[in-house]
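Below you'll find the structure, written out as structure tokens, and then a few comments.
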Amino acid sequence: MKWLGALVLLAACKAAHTTPPPGGASLVLDIPNGALDPKGFTTAEIVLHEPTGDITRSANVTNNAFDLGSIDPSNSVSVEATLRTETGTAVGYGRTAMATAFTGGAEIVVPVRRPIAYIAGSVSRDIGTGNATVLQWSEVPATFSDLSVGGTPDGKTLLPGPAVSVVGAGPNLYLITQPISATTGDPTAPAKLAPVSMVDHQVGAPLAGAMAGAVLDSAGSDDGTMLVIGTSTELYAVNTATGATRVLADGSFARVAIVMTDTGELDAVAVKNRGSTTAACTPTATAELWWAPLADGGVGHKVATGGFTDVASDRGQAYYLDGCKGELGELTATATRMIRTFAVTGGARPTALAVSNAQAYVGVETPPATTSLLVASLKALADDPRTLWTESAQQVLKASNLAGVQRQLDASSAVFGRLELGAGGDYVALTTSAHFHGNAVTLANFPDMTIDAEELRVFDAATGGIVERYRSWCDGSFIIARANDIDAWECALTPGQTEAADAPYEHHINAMTFLFGKR
């Protein structure tokens, strides 16, 4: 038989619920009922993931309600919901954490949130005199970019209080706070977690648990119940309801992800001893893939050793990248299985990974300083990967007090930081860092100079079009060796690029996340 699937949009649990037809069911899109509610949408796009395939429906929203029409019932379905404007822009997205029955009389609640990219990190300032470089480190508040409202990011949209990292867990967001040394930037105390309200971005009381070591990476479960934090000394599981932390394994874990099975089991996957992406393959590759059940009593164990650079998860499956072999594969609790490979000629290394709906987004670093983003199917393996973006890093410097005097530097290295998909795959966001050095040019009075720059880029995943290019950091030092050397320089902007406003709005990016992000 068939039944009508009436989908009802609710601003909050207090809102009226329209009655589905006899034998029908309803989907309830639950939004925060506050300043951060999705706005400007005219249509709702629903994807029902069933064992036999996907069903996609779209309907106009009228009076906070819309009708999906006739849909066959299913005993196992997971749901994705995207709210779009008249132009098709995603301004709200959410999904169920696991499969459930979609039959007559059922009500499935899908939390929906704005597509906001959050970044967090620290700041270093040169307080030396003359040609001496003395860095002073400090914590700064996390910043964010709301892709649903547009605008030009400048770092001024801040979350309250300083944070070294930020992590999303389904519809929920958490700040990771940790005091750091002013002289080294290293942590001086354990890290703590604090929840962030999705109504107004206010930060709540810290959770009870704490974590040792410098925070390197983090991930959250779709149901919001668990976090996994990788630090320089341990791999942690965090229960968000109680705040309790538990060590899953000892060691340095720089990349983590969470897998949720169809039965609701949560497992962590992680890369231990990731090391340098350029030197990790010589003389031997010693990075390790780890698997750890997150249920009470679960203990992590090593699955494989190799040139592993990243892990990701999607719809109950875990994936890995081996940068030395140029290999993308599937990971289980006991083994790895190669799916497809990428060319690693010329020293190229795949180092960053995100997966959504059988599409893998792979960040590739090619010496000396080219970064590329590829899209590869996990099903149509004969199809060549598509290049969404590629760039050889450059930075133009301009003399602060001499109009028209500029110098262009080619980077000596460029690496990926974070890669994550937002709004169900509509957006792909990545962070990069690049290092530049220019020798002195005596005839032009250019001093010897060293620059470091970090950026957040957001792309339209379908077209590769740049949605945002935000430079969160650009700073360096100069060695003034001659009396006539130009001694005042600043980083110039390229067309379409925005930059952080003056201190305290700059960041060394340690973390980037979306709510309901895929990585």
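Coordinate-derived values only; no laboratory data. All of these numbers come straight from a predicted model, not from anything done at the bench. Cβ: placed from backbone, ideal geometry, glycine included. Neighbour counts: every protein chain shown.
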message: What whole-number distance in Å separates the alpha-carbon centres of region 24-75 and region 294-345?
response: 34 Å
- prompt: Using the 10 angstrom Cβ neighbour count as an exposure proxy, how do LEU29, LEU388, LEU430 rank, fewest first?
  reply: LEU388, LEU430, LEU29
field: Above-threshold pairs, the threshold being 32 Å between Cα atoms, out of LYS192/LYS325; LYS39/LYS398; LYS156/LYS518
entry: LYS192/LYS325; LYS39/LYS398
message: Can you give me the Rg/Rh ratio for the chain, using Cα atoms for both radii and the Kirkwood formula for Rh?
response: 0.99
statement: Restricting to Cα pairs under 8 Å and 6 or more apart, the percent relative contact order of the chain works out to 11 percent
- prompt: If one computes the Cα centroid of region 369-426 and of region 438-471, what distance in Å separates the two points?
  reply: 10 Å
query: Length gain on complete extension for the stretch ALA403 to ALA205, per 0.36 nm per residue less the alpha carbon to alpha carbon distance?
result: 66.3 nm
task: Taking the Cβ of each residue in ILE479, ILE116 as the centre, tally the other Cβ atoms inside 10 Å and list the residues starting with the fewest.
output: ILE479, ILE116
task: Please report LYS379, LYS39, LYS518 as a ranked list, fewest other C-beta atoms within 10 angstrom at the top and most at the bottom.
output: LYS379, LYS39, LYS518
Overall Cα dimensions of region 108-245, principal axis frame, Å, largest first: 64, 38, 21
field: Per-bin percent of Cα-Cα distances, region 238-366 [5 Å]
entry: 2, 11, 21, 23, 19, 12, 7, 3, 1, 0
query: Of all DSSP beta bridges in the chain, what percent run antiparallel (nearest 5)?
result: 95 percent
